[in-house]
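Here's the structure, in C-alpha cells; my notes come after.
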Amino acid sequence: MTHQDGRKPGLTEDAAALVAGLADLAVCGLSTALGGVSGLLRRADLGDLLADGQQETKARGRLVLARYAAPPPAHLEVLARTVTARTRAESGRE
C-alpha cells in the first residue's frame, strides 16, 4: 500500500493495518462459530453429541499429556547405553 503522494506506509500504519485485519478475521470467525452453535442447539440428539464430544476431548487430552508429560529417559541410563554401544562397536561385536 502506498500513499497518494507515493511514499510507503510507516510502522504505525502497518501495525494499524495488521490489527484491523486480525480484528476482521476474529469477527468473521466469531460469526461463523455462532452460526454453528445455533445449528447445534436445534439438534434433537444434542445430549448424545455433547457426550461424544466430551469423550473425544478427554481422549485427545490424554494423548497430549502422554506425549508431553512423559518423563524423559534417565540421563545415566542413556549414557550407559551409549557407552555400551560404543564399546561393542570398538570391539567389533555389533
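Taken together, the values in this text are just the output of simple stated rules run on the coordinates, not laboratory data. Only a predicted model underlies this, so the values are computations on that prediction, with no experimental measurement involved. When we count neighbours, we look across all protein chains shown, and the Cβ atoms used for this are built from the backbone with ideal geometry, even at glycine.
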- Could you go through region 59-64 in sequence order and give the Karplus-derived ³J(HN,Hα) for each residue, using 6.51 cos²θ - 1.76 cosθ + 1.60 with θ = phi - 60°, rounded to whole Hz, and x for Gly and Pro? 4, 5, x, 4, 5, 5
- Equivalent ellipsoid semi-axes - Cα gyration tensor, the chain, angstrom: 51, 35, 10
- Message: I want to check the label-to-label distance for Ala16 and Ser91. Put each point 7 Å from Cα in the C-beta direction and report it in nm to one decimal.
- Response: 7.5
- Query: Based on the inverse mean of 1/r over its pairs of different Cα atoms, what is the Kirkwood hydrodynamic radius of region 46-94, in Å?
  - Reply: 14.4
